[in-house]
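Beneath this line is the structure, given in C-alpha cells, with notes to follow.
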Amino acid sequence: MKLAYFNDFNLGIIENDYIFDVSEMVHDIPHLGPHDLIKGLIERWAEYKDLLGKASILSKKIPLAKVHLRAPLPKPGKIICMARNFMDSQSDKPEPLNAFLKSPSAITGPETTITLPNAPAAIFEHEAELAIVIGKRASNINSKNAYQHIFGYVNFMDISARGLAVGNLATDTFFPGKSWHTFAPIGPYIVTEDEVENPQALDVKLWVNRRLRQDYSMQGMNHTIAKSIEWVSTITPLEPGDVFCCGTNHTGLGPLQNGDTVEMEIEGLGKLCVHVRDPLKRTWPPLTRAEKVSLKGTGETE
Amino acid sequence: MKLLFFNNFIPGVLKDDTVVDISKIISDIPHVTAHDWMAGLISNFSKYRDLIQETALGSSGIPLKKVRLRQPIPNPINLVCMAGNYSENGAITKAKPLNAFLKSPDSIIGPEDTVILPSQQADIFHHEAELAIVIGKQAMNVKASDAYEYIFGYVNFIDISARGLHQDSLFIGKSWNTFGPMGPYLVTADEVEDPQNLPVKLWVNGNLRQDYTTADMGVDIPRTFEWVTSIVSLNPGDVLSCGTNHQGLSALQNNDLVQMEAGRLGKLTVNVKDVLDRTWQREIDKDTANRVAERTTTGGFGQSPANF
C-alpha cells in the first residue's frame, strides 16, 4: 500500500494514478495533527490495514495529478541517519558503525523548496537515501528480527552543509551540517514493507536538473539494514513512525545551488522532486565527487 | 511557578513541600501524550497561569514524599545540546565556533530514575551538569536581542556521556537510553532572575564534583539561542541545553548517587547502575579538565594514561 498526505494533510492511499481520501476511515485514531495521525496509524496498522486496503472501493477517487502531495511523515519522533555506511570514493574500507540525529523540524515534502542558509559552508550537497519507517517500539532488536520492526520505506534526501563549526571542541559537526530547516525532503509516499521485495538490493538514483548524479545499489551497504537496525536500537529505542535512513554512497554527491531541481527515485518508491533556493546565489562547479577526482587525475583543475 | 509531572504523568504544580494536581484545570488542552499536555500548557500559559496560581494557593497539596516526580518534558521534538560552549573558568579566552548536537529525546529520564550504563567498553562514563532552557513558542531565526521572549523556563539536565566508543561521534557518546536525566520540575522564567549567572553544582555520592556558573559560557544564552534557531526551528516544549564546564567531570559507576542543581531549580537526583560493575578512579577527571582547558594537548575524554 502507498500512504500519502495530500492538500491540507488529508490522508490518502495511492493506487496507480489516483489517490483515495481515507481521512474518515482513520478519524478515530487519537491525534492532534498529521504527525501523530500517521504515527497512530502505524501503531495500529493491523487493525486498519484491511479497511484501508478497500479504499479504492469505499473512498472518493481523486486524480493524483490534481493534488499536492505533502511530507508523509511531517514530524517523526526521531530521524536517525547512518553515517559513512557505504564503500565508496570516501571510504575504501568499512568504517565502524556511526549515526547522527537529524532534526524532525528539517522535514519538507514533495515539490517544496530547500533554502540554503546564509552560513559559510564550503558546499551544500545532496545525499539520496533509502529511509525505513519504523513500525513498532523496540530496544535491543536482534538483527534476525529486524525486518519485523519495519513498517515501510520512503525516499529521503539528507541535505548536507560541509565545513561548518570546524574548531569546536567536538569534531562531530553533524548538527550544523545536517539539521537546517528544509534539509530533509521526504516522500512522495510511504510504501508498506510487503510491497518491497528486497530492500537490500534496491537501486537509488538522484538527478540534478535532469542530469543523473547518484546511482547506486543498496547492496553496497557496509553494515546491512538488519545489522544497522540492531546496532542503533542498542543505543536508543525505536518508535513507530521514526525514520531510519540507511546512509548514502558518496561517489555521486555534488553541489546544490540556486534554481536547481532535484529528483530522486528508489525503485518502487516513486519520485521525490524538490527545488533549491539560495538568496546568496553562490555557485560551485556542477561536478560530482567522482568527476572531481577524475579531473584531478588528468591534470585539469576544478 | 514550578510545573511538573507526578506519578503516572499527572500534571501538577509545586507548592512548598507539596504537589497540587492541575489536571482538571488544564483538561481542555488537547493531548495524546503527556508531552503534548505540557507543550500545550507552555503554548497557552497566559490563559492558565492565574487559574493555576489561585488553585495552587487555595488547595492543600500532596506531600512531595508521597509522590513520584517525573521528567517535566518527557518527549521534546528537539533536544539540542551545546557542545564545548564554556570558557572553562576563563581558560579559553577566545570563543570557539559554536557547535551542538541532538540527543535522542528517548534518552530522557526523571528524578530518582536510574542511569543504566551500557555494556559497551567505553573508556569512561561522565556526568555533565547543564542548565537547560525550555522553549516557549515557535522559534526560528530569532535575534539575540529577542531570545528571552522565547524562553519559557529552565530545568536541570544531566548530559550523561560515554567516551571513547567512537573517535568523534556524539550520537554514540550521548544518545544511550537513560542518558538524559531531567527535573525535578520546570521553573518558569519569571522565577529565574539571571540565568546567565546561575551556580551549577553536581555531586556524586555527596562529593561535590562540578561547581561552576553559567557566567562562564563562552557564547551567552541569547547568542547561543540565535545561532541554534538559525539552523533549526524550535517548538514550544523543545529543550536547549547550554553545555557544560568540563572542569569537574568525573566517572559514573554502579550504585552511584548523582545530584545536581542549577540556581534554585530544585535538586535532581538519579542513581547509576552498571551490570558489569566497572570501576574508575573516583576523583575529578583532571586529564579531561586540562585538555579541554587547553593546558595540555593530549589525555582526557577517556584517553588518560591511568589504568581505566
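The values are calculated or read from the model by the stated rules, or taken from the named source; none is laboratory data. Please read all numbers here as calculations on a predicted model, not as lab measurements. Every residue, glycine as well, gets a Cβ built from its backbone with ideal geometry; the counts of neighbours run over all protein chains shown. Heads up: the accessible areas ignore ligands, DNA and RNA and are worked out on the full protein's heavy atoms, side chains in. Shrake-Rupley method; radii C 1.70, N 1.55, O 1.52, S 1.80 Å.
Numbers at a glance
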item: B:I92 vs. criteria within 14 Å of another protein chain (Cβ to nearest Cβ) and over 25 Å from B:S43 (Cβ atoms); result: yes
item: In the range A:82-115, the residues that are within 9 Å of chain B (Cβ to nearest Cβ), open to solvent by less than 30 Å² (accessible area, probe 1.4 Å) and either free of Cβ contacts under 8 Å to residues at least 12 places away in the same chain or outside any loop (DSSP other than H, G, I, E, B) (or both); result: A:A99, A:F100, A:L101, A:K102, A:P104, A:S105, A:A106
item: Matching residues, the range A:217-262, being over 24 Å from A:F151 (Cβ atoms) and under 16 Å from the mean Cα position of the chain (by Cα); result: A:N249, A:H250, A:L253, A:V262
item: Hey, A:T224 of a type in the set (S, T, Y), farther than 24 Å from A:S139 by Cα, surrounded by 15 or more Cβ atoms within 10 Å (Cβ to Cβ) and assigned by TED's automatic domain parsing to the domain that holds A:E127 or not; result: no
item: Residues that are within 13 Å of chain A (Cβ to nearest Cβ) and either under 23 Å from B:Y185 (Cβ atoms) or buried (at least 23 other Cβ atoms within 10 Å of the Cβ) (or both), drawn from the range B:219-228; result: B:T224, B:V228
item: Test set (1) modelled with pLDDT under 95; (2) surrounded by 17 or more Cβ atoms within 10 Å (Cβ to Cβ); (3) more than 11 Å from every other protein chain (Cβ to nearest Cβ) - A:L58 fails condition number; result: (2)
item: Residue within the range A:116-130 that is touching a Cys at 6+ places or on another chain (Cβ under 6 Å) and open to solvent by less than 10 Å² (accessible area, probe 1.4 Å) present; result: yes
item: Candidate set: the range A:135-153, residues that are modelled with pLDDT of 95 or more and within 12 Å of chain B (Cβ to nearest Cβ); chosen: the one most open to solvent (accessible area, probe 1.4 Å); result: A:R137
item: Test: residue in the range A:72-81 that is over 25 Å from A:A165 (Cβ atoms), of a type outside the set (S, T, Y) and open to solvent by less than 10 Å² (accessible area, probe 1.4 Å); result: yes
item: Condition check for A:W207: of a type in the set (F, W, Y), outside the structural domain of A:L52 (by TED's automatic domain parsing) and either surrounded by fewer than 19 Cβ atoms within 10 Å (Cβ to Cβ) or assigned to a helix (DSSP H, G or I) (or both); result: no
item: Which numbered condition A:I190 fails, given (1) surrounded by 22 or more Cβ atoms within 10 Å (Cβ to Cβ); (2) among the aliphatic types (A, V, I, L, M); (3) touching a helix residue (DSSP H, G or I) at 6+ places or on another chain (Cβ under 6 Å); result: (3)
item: Those residues of the range B:99-152 which are hydroxyl-bearing (S, T, Y), within 20 Å of B:A39 (Cα to Cα) and in contact with a strand residue (DSSP E or B) (Cβ under 6 Å, 6 or more places away or on another chain), in sequence order; result: B:S107, B:Y150
item: Criterion (within 30 Å of B:A129 (Cβ to Cβ) and either outside the structural domain of B:I151 (by TED's automatic domain parsing) or touching a strand residue (DSSP E or B) at 6+ places or on another chain (Cβ under 7 Å) (or both)) met by exactly one of B:D17, B:D50; result: B:D17
item: Complete set of residues in the range B:137-171 that are open to solvent by less than 10 Å² (accessible area, probe 1.4 Å), closer than 21 Å to A:T236 by Cβ and part of a helix (DSSP H, G or I); result: B:F171
item: Residues (in contact with a Pro (Cβ under 9 Å, 6 or more places away or on another chain) and not in a helix (DSSP H, G or I)) located in the range B:98-111; result: B:L98, B:N99, B:A100, B:S104, B:I108, B:I109, B:G110, B:P111
item: Positions within the range A:15-36 being out of contact with any Ser or Thr (no Cβ under 6 Å at 6 or more places or on another chain) and surrounded by 22 or more Cβ atoms within 10 Å (Cβ to Cβ), in sequence order; result: A:I19
item: Any pair with Cβ under 6 angstrom, 6 or more apart, that starts in the range A:286-297 at a residue that is polar (S, T, N, Q) and ends at one that is part of a helix (DSSP H, G or I); result: A:T288/A:G252
item: Conditions (1) more than 14 Å from chain B (Cβ to nearest Cβ); (2) open to solvent by less than 60 Å² (accessible area, probe 1.4 Å); (3) at pLDDT 95 or above; (4) out of contact with any Gly (no Cβ under 8 Å at 6 or more places or on another chain): number failed by A:G247; result: (1)
item: Which listed residue is touching a strand residue (DSSP E or B) at 6+ places or on another chain (Cβ under 6 Å) and of a type in the set (G, A, S), from A:A226, A:A184, A:A201; result: A:A184
item: Residue that is more than 14 Å from chain A (Cβ to nearest Cβ), in contact (Cβ under 8 Å) with a residue 12 or more places away in the chain, surrounded by 18 or more Cβ atoms within 10 Å (Cβ to Cβ) and over 23 Å from B:D16 (Cα atoms), where the choices are B:V200, B:V272; result: B:V272
item: Residue satisfying condition, being under 14 Å from the mean Cα position of the chain (by Cα) and within 14 Å of chain B (Cβ to nearest Cβ), within set A:F156, A:F175, A:F124, A:F183; result: A:F183
item: All positions within the range A:1-50 that are in contact with a helix residue (DSSP H, G or I) (Cβ under 6 Å, 6 or more places away or on another chain), of a type in the set (V, I, T) and within 15 Å of A:L73 (Cα to Cα); result: A:I13
item: Condition check for B:S119: in the same structural domain as B:S230 (by TED's automatic domain parsing), crowded, with 18+ Cβ neighbours inside 10 Å and either polar (S, T, N, Q) or farther than 30 Å from B:D220 by Cα (or both); result: no
item: Members of the range B:126-153 found to be within 14 Å of chain A (Cβ to nearest Cβ) and within 25 Å of A:T171 (Cα to Cα), listed by number; result: B:H126, B:E128, B:N141
item: Sole residue being within 13 Å of chain A (Cβ to nearest Cβ), of a type in the set (S, T, N, Q) and not in a loop (DSSP other than H, G, I, E, B), chosen from B:T244, B:T288; result: B:T288
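This table checks each residue for (1) in contact (Cβ under 8 Å) with a residue 60 or more places away in the chain; (2) surrounded by 22 or more Cβ atoms within 10 Å (Cβ to Cβ).
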{"site": "B:R70", "(1), (2)": "yes, yes"}
{"site": "B:N89", "(1), (2)": "yes, no"}
{"site": "B:P97", "(1), (2)": "no, no"}
{"site": "B:K103", "(1), (2)": "yes, yes"}
{"site": "B:E130", "(1), (2)": "yes, yes"}
